[in-house]
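Heads up: the structure comes next, in structure tokens.
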Amino acid sequence: MIERVAVAGGRINAHVGERNIGSIAIGDVARLVVTRFASGLYHGEEPFVVLEDEQQALVVPYGVAGMRQLSDALVATYGGSKMLWLAECEGLPMAWRKRFLGLFPLFPIPRLAVHPRASVPHWNEQGPLPMSALPTSIGEHSNV
């Protein structure tokens, strides 16, 4: 199934196939966390994004369709605001991991999903940073 994010009507919507699996109001985003794996096993892996509001966290894997639209909307909305965090991830919560044929792959890959904000791990973080520090690679390789 194709995973994508779309910005419409002031909301960031997450879709798997044709199903909307959740959304966050763009004006309610409290933190944008660009996350990379800290382990040498994952060296070179592209970052994933976690958008947090007061109650939930939207996990957006690298390369998901709509990332350019999402990053453009966040920069347009928040401009010079300091809401960007860079993080290193030691491991993913099991609920955040993508499955293949019902099994977890050897190397964890995040899946597009909305989770309770309380499930966000305590990572080694740097921030807050201005949105101008958002890595340009976030929106470059999305499918749309």
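A short reminder: the numbers here are calculations on the coordinates, not readings from a lab. Source: prediction; values computed, not measured. So basically every Cβ, Gly included, is an ideal-geometry build from the backbone, and we count neighbours across all protein chains shown.
Size of the stretch 28-136 from its Cα atoms: along the principal axes, largest to smallest, the extents are 41, 27, 26 Å.
Close amide H pairs (under 5 Å, H built 1.01 Å from N) link Val120 with no residue at least 5 positions away or on another chain. The residues neighbouring Asn20, those whose beta-carbon lies less than 11 Å from its own, together hold a net charge of +2 under the Lys/Arg +1, Asp/Glu -1 convention.
Sparse packing (at most 16 other Cβ atoms within 10 Å of the Cβ) combined with a DSSP loop state is found for the following trypsin sites (Lys or Arg not before Pro) in the stretch 66-99: Lys98, Arg99. Of the three principal axes defined by the Cα atoms of the stretch 1-40, the extents in descending order read 39, 29, 12 Å. Within the stretch 3-77, report the GluC sites (Glu not before Pro) that DSSP leaves as loop and that have at most 13 other Cβ atoms within 10 Å. Here the sparse-neighbourhood loop sites are Glu18, Glu54. Amide H to amide H distances under 5 Å link Ala113 with Val59, where only residues 5 or more positions off or on other chains count and H is placed in the peptide plane. Its relative contact order, with pairs defined as Cα atoms under 8 Å and 6+ residues apart, puts the stretch 28-136 at 33 percent.
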